[in-house]
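Notes follow the structure.
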């Protein structure tokens, strides 16, 4: 019954968006609204508040209108942290809306330079134990054409799951985080992002060397973020699940301050499910998996996840889809007794081959449950990429696996289900979508067993963070020279052979 009602409401909301506001009877707007880069994000209590961010060309007042059942209820809400800030030749607007009602569908409008936006939509958390969300990663485009390919994948995800409570983007929104690229992103994604609640994660292309861009694109709860220069770490509850978002740009990987934050954060909840989102993947066979930052993340993060009862870790960064079996102490254990790691693939058009020289050096085949390479079959020397199928063997990529990936995750009480799909690239003249399920798995658990074991202050002062930077870099350096380098040197002959024979590094 709940899903039926949601589908009916979703259809009505889409009609409102397309037809000009059937649910927003008191609103006025134009099709040529001059605001851009708009987003509605999780921000604190998902049952009662949302964060909004958008841009204008001029320094106009920051205004939002929120509607429930076609009635403007803005005056009954609390609008917090209302700002208008000049940034890179434009004006960034942020407002946090508080006082919303749980389990309610809302529409909203944002004020541009001269007009109100078209209606956006979101639904607050109703607090029950049934939720679902969609994940995408690594659109990482530079041209409008490639951003449009990325949003095509995201839209297909919403078609498969129109009742999704939120969308997770696991990082690398753009390639160089420039005004031009974010404008292309806005042109492609704004109409999509206005229909959903977004949980964004900072990728290396969103934060390394492009300071403040990520923080200035989204309105997130930064109250416990260890720093905001190159990303934001935050957490939130939805239904019977607790989610922690990490910033893997921090101290080139994860600072000791952020690792401490995650340890405390996961002990501060008694939600049944614990899920971590991050950009750099702890387990990967992509090109970035051979470097010390990703492997250091695996060495440090996995211990915390295992100690605090994390069920699932989802990442991006290396542009292929990969899922591990349930792991503990880097060994395979029965489902539910360890942590499952998912490298979510790319929604975009930049895709990586397998680096098979990493096998038996940084990862072993027995730990993998699924792997899909999303690109076509041959590189320049005619050697085939490979796709690890679920029968435990390596095989050639088939053409139906050449495209963008999204995942649909549902939680129903004590059962979590993930289904991953490839949306096949369309050749010139093709119009029909081809969707292939590339992975499916379930986790089950007995609910009501988690307990809160941390209730202290989990924020990090600027002084404490600064004092911890040198130990953070020293920890990474010790790992690099004491653990990573000897293993890399052992792998080097296989790497050189692969470069010479397959032209893959």
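Principal-axis analysis of the Cα atoms of the chain puts helix 292-308 at an angle of about 70° to the longest axis.
Judged by the mean number of other Cβ atoms found within 10 Å, the most tightly packed of the peptides 316-325, 414-423, 479-488, 61-70 leads the ranking 316-325, 414-423, 61-70, 479-488.
Classify the range 324-376: rounded, prolate or oblate, from the alpha-carbon gyration tensor (a ≥ b ≥ c, eigenvalue square roots; a/c under 1.5 rounded; otherwise prolate if a/b is larger than b/c)? The shape class here is oblate. The value of relative contact order for the chain, using C-alpha pairs under 8 Å at least six residues apart, is 13 percent.
Roughly how tilted is helix 485-502, in degrees to the nearest 10 and between 0 and 90, from the longest Cα axis of the chain? For helix 485-502, the angle is close to 90 degrees. What's log10 of I(q)/I(0) for the chain at q = 0.10, 0.12 Å⁻¹, Debye sum over Cα points only, no solvent? The calculated log intensity ratios at q = 0.10, 0.12 Å⁻¹ are -0.76, -1.11. Here residue 399 and residue 101 are evaluated by their C-beta separation; at R0 = 41 Å the FRET efficiency comes out at 0.30.
Output the 0 to 90 degree angle, nearest 10, between the alpha-carbon long axis of helix 144-160 and the longest principal axis computed from the alpha carbons of the chain. Tilt relative to the chain: about 80 degrees. Of the beta bridges DSSP finds with both residues in the chain, what % are antiparallel, to the nearest 5? In the chain, approximately 75 percent of DSSP beta bridges are antiparallel ones. Seen from every direction in turn and averaged, the convex hull around the alpha carbons of the range 41-191 projects onto 9.4 nm². Distance between the modelled labels on residue 430 and residue 86, one decimal in nanometres: 4.9 nm (7 Å Cα→Cβ projection).
Which translational diffusion coefficient, to the nearest whole µm²/s, is obtained for the range 118-168 from the Stokes-Einstein equation, given a Kirkwood hydrodynamic radius over C-alpha pairs, 25 °C and 0.890 mPa s? Calculated translational D: 194 µm²/s. Its alpha carbons considered, the range 238-334 gives a radius of gyration followed by a Dmax of 13.0, 37 Å. Need one word for the range 185-269: rounded, prolate or oblate. Basis is the Cα gyration tensor (sqrt eigenvalues a ≥ b ≥ c); a/c below 1.5 gives rounded, then a/b vs b/c decides. Oblate is the answer for the range 185-269, as a/c is 1.5 or above yet b/c matches or exceeds a/b. Convex hull volume of the Cα atoms of the range 280-340, normalised per residue: 73 Å³.
Using a cutoff of 8 angstrom between alpha carbon atoms and counting only pairs six or more residues apart, the relative contact order for the range 244-373 works out to 25 percent. Under the classification rounded if a/c is under 1.5, otherwise prolate if a/b is larger than b/c and oblate if not, where does the range 290-389 fall, given a ≥ b ≥ c as square roots of the Cα gyration tensor eigenvalues? Prolate, since a/c reaches 1.5 and a/b exceeds b/c. Taking every C-alpha pair closer than 8 Å and separated by at least 6 residues, the mean separation divided by the residue count of the range 379-505 gives a relative contact order of 18 percent.
Sorting 463, 434 from the fewest to the most surrounding beta carbons within 10 angstrom yields 463, 434.
P(r) tail, the range 163-319: Cα-Cα pairs separated by more than 21 Å, 44% of all pairs. Shown here is the pair-distance distribution of the range 123-207: with all Cα-Cα distances grouped in 5 Å bins from zero up to the longest one, the shares run 3, 15, 25, 25, 16, 8, 5, 2, 0 percent.
Read-outs throughout are calculated quantities, based only on the coordinates presented, and are distinct from any laboratory measurement. Keep in mind that this is a model prediction, so the values were computed, not measured. With ideal geometry, Cβ positions are generated from the backbone for all residues, glycine too; neighbour counts draw on all protein chains shown.
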